[in-house]
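Notes to accompany the following structure.
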Amino acid sequence: MAESKNERKHQVIVDMNDFLLEYAAKKIGNKDDLAEIVYKAGKDDLKGLDDLFKDQGEGRLKSYLAVGEGAISDEPSVTDQETAESRAETLTKEAMAYLGKHLQEFDAWKNN
C-alpha cells in the first residue's frame, strides 16, 4: 500500500529530528535530556541552534534544513529550488514544534 502524504511528512519530520539529535550528540555530548536542550535552543528561532552548537549554522543547515529540503525536492509538485527552500523552512519549524511535543520519546530513543 502506498504511503500517504501525511505519513511521508511525519516520517520526514522524525528523520529531521533524528539527524539533528545525532549531530547534537556529536557536538555537545549524548546527554539524557539532549532533545530538551536542542528544543530550547531552537524553539523561538532556529538560529539558536547555531549558538548551541557553535558551528556558524552548519548543523541547522546541513543536518536539519537540508534533510527537509531534500525530501521536499523529491515531491513531483515541487519544480523549482525557491519553492523547495520555502517549504523546507516551514517544515523545519514544524519539525522543531514536533520535537518539543515528543521530547521524552526522542530522549528515550537516543539513550537506548
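Brief remarks on what is shown
- The residue of segment 30-58 that is modelled with the highest pLDDT, among those that are under 17 Å from GLN104 (Cα atoms) and outside any helix (DSSP H, G or I), is LYS43.
- Failed item, numbered, when HIS10 is tested on (1) free of Cβ contacts under 8 Å to residues at least 60 places away in the same chain; (2) more than 15 Å from TYR64 (Cβ to Cβ); (3) surrounded by fewer than 13 Cβ atoms within 10 Å (Cβ to Cβ): (3)
- Listed by first and then second residue, the pairs linking a residue in segment 46-58 that is touching a residue at least 40 places away in the same chain (Cβ under 8 Å) to a residue that is aromatic (Phe, Trp, Tyr) and in a loop (DSSP other than H, G, I, E, B), with Cβ atoms under 6 Å apart and 6 or more places separating them unless they lie on different chains, form an empty list.
- Scanning segment 13-49 for residues that are open to solvent by less than 30 Å² (accessible area, probe 1.4 Å) and aromatic (Phe, Trp, Tyr) yields nothing.
- Restricting attention to segment 87-97, the residues being within 14 Å of LYS9 (Cβ to Cβ) and open to solvent by 50 Å² or more (accessible area, probe 1.4 Å) number 4.
The values are calculated or read from the model by the stated rules, or taken from the named source; none is laboratory data. If you're wondering where the values come from, they're calculated on a predicted model, not measured in any experiment. Methodologically, a virtual Cβ is constructed for each residue, glycine included, from the backbone with ideal geometry; neighbour enumeration extends over all protein chains shown. Note: accessible area is taken over every heavy atom of the protein model, side chains too, but ligands, DNA and RNA are not part of it. Shrake-Rupley method; radii C 1.70, N 1.55, O 1.52, S 1.80 Å.
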